[in-house]
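Report on the following structure.
The values are calculated or read from the model by the stated rules, or taken from the named source; none is laboratory data. These numbers were taken from a predicted model, which means no experiment stands behind them. As a convention, Cβ positions derive from the backbone with ideal geometry for all residues, glycine included, and neighbour counts pool all protein chains shown.
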Amino acid sequence: MNFDYFYSEQSEQFAFYRIPKLLYTDARFKGMSSDAKTLYGLLLDRVSLSVKNSWVDEQGRIFVYCTLESVEAALGCAEQKALKLLSELETIGLIEKKRQGLGKPNRIYVKNFIEPRLSLLQNSENHGSGTVKLSVQEPRKSLGNNTDINNTDFSNTYPFISEEMEERESYRQYFYEQLQVEYLMKSNPYERDRISEILEIILDTVCSKRSVIRIAGDDKPSEVVRSRLMKLDCSHIEFVMTGLKENSTKVRNIKQYILASLYNAPMTISNYYQALYNNDHANGRI
């Protein structure tokens, strides 16, 4: 086969399955097979479809439908391999299968493995003084290199960290890696404050406990908004920053404007760069 090269206007023409980077960088998944990671990405892609179809149980937990035949077709493997991969994901704890009976397909719960990284370690009691000391796991060094991103109020001696704080720091680590924040900071040294602002807006949104989130005047289910933001990467952030620079109209609520831009970025980025290409081509610049 003789495939063509990629050109600038074609870089976003494909739809992608997104496999979280933490599956490759987190020590918890060191022994996980590459095929199992791929299958997790396929199942994760179906979560957004489940939200649209309201496939949510009585406890508000999202589930997906994915038959054994679907796994075989998607991965091009035999039944035995498909069964092995599903079993691997279930053993690790990344999915949970629930039988429905009566010939109905199993419900598959795709588990959210982003756990609090700043967890309280086991209490060590000082028997001499009768006090209990709590210690907190040190944050990853990759986060400690940039004081603009880290919340310096957190330290190993901080006496108490709430679950909300732990959750926020877990998401911070995820987005720091997913969005390649360190790269963005180095590539855009004069936009460091803006990048930090965008990151905090993302964290505020994904950690929100509200059932709906307003996007450009419309109330969207919070799970739908969270799912969309989890798919962002560094190209989307650069796209949003470019839009902010090019915008000439007065913005009354910059936070809402940025949030709407982030939410729509995955859907509009391809059309934007296609329009730029068409304009340059029409004016003889390419």
The condition from (1) assigned to a helix (DSSP H, G or I); (2) over 21 Å from the mean Cα position of the chain (by Cα); (3) not charged (D, E, K, R) that residue 89 misses is numbered (2)
When every residue in region 1-56 that is at pLDDT 90 or above and of a type in the set (Gly, Ala, Ser) is compared, the one surrounded by the most Cβ atoms within 10 Å (Cβ to Cβ) is 36
Of those in region 60-86 that are touching a Phe, Trp or Tyr at 6+ places or on another chain (Cβ under 8 Å) and assigned to a loop (DSSP other than H, G, I, E, B), the residue farthest from residue 222 (Cα to Cα) is 65
Flagged pairs (Cβ under 6 angstrom, 6 or more apart or on separate chains; first in region 40-52, without any contact (Cβ under 8 Å) to a residue 24 or more places away in the chain; second assigned to a helix (DSSP H, G or I)) are none
